[in-house]
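This report concerns only the one structure given below.
The values are calculated or read from the model by the stated rules, or taken from the named source; none is laboratory data. Just so you know, these numbers come straight off a predicted model, no measurement behind them. Note that we place each Cβ from the backbone using ideal geometry, even for glycine, and neighbour counts take in every protein chain shown.
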Amino acid sequence: MKYDVGPRRTGSKQIFSMNAHLLEEANKVILEPQILINAVSRRVRQLTAGSRPMVEVGVRMGLADIALTEIAQGKLTVAKAAA
């Protein structure tokens, strides 16, 4: 599966990229790309709001990298909605 993980600029803002290796590892846990993106997005919002990471954070890890690592290590899971 291919993802665009390169850094880009839109106007004056830089869109931060995710580590391609972490993305591949997390994709092994959550197979649907849209669900993976939604899970990472939600977790990044939680981390931004002050939630503590569930994994050890490296020096150059962004919030998306932390969320992907949590998913890859099985510390963050996605539950199916009740019907």
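For the range 18-50, what are the residues that are over 12 Å from A72 (Cα atoms) and charged (D, E, K, R)?
E32, R42, R43, R45
Just name the residue that is surrounded by the fewest Cβ atoms within 10 Å (Cβ to Cβ) out of those in the range 58-83 that are touching a helix residue (DSSP H, G or I) at 6+ places or on another chain (Cβ under 6 Å) and either acidic (D, E) or part of a loop (DSSP other than H, G, I, E, B) (or both).
Checked the range 58-83; the qualifying residue surrounded by the fewest Cβ atoms within 10 Å (Cβ to Cβ) is V78.
Restricted to the range 8-50, and to residues that are part of a loop (DSSP other than H, G, I, E, B) and surrounded by 12 or more Cβ atoms within 10 Å (Cβ to Cβ), which residue is modelled with the lowest pLDDT?
Looking at the filtered set, the residue picked out is F16.
If you go through the range 51-83, how many residues are modelled with pLDDT of 95 or more and among the basic types (K, R)?
Number of matching residues: 2.
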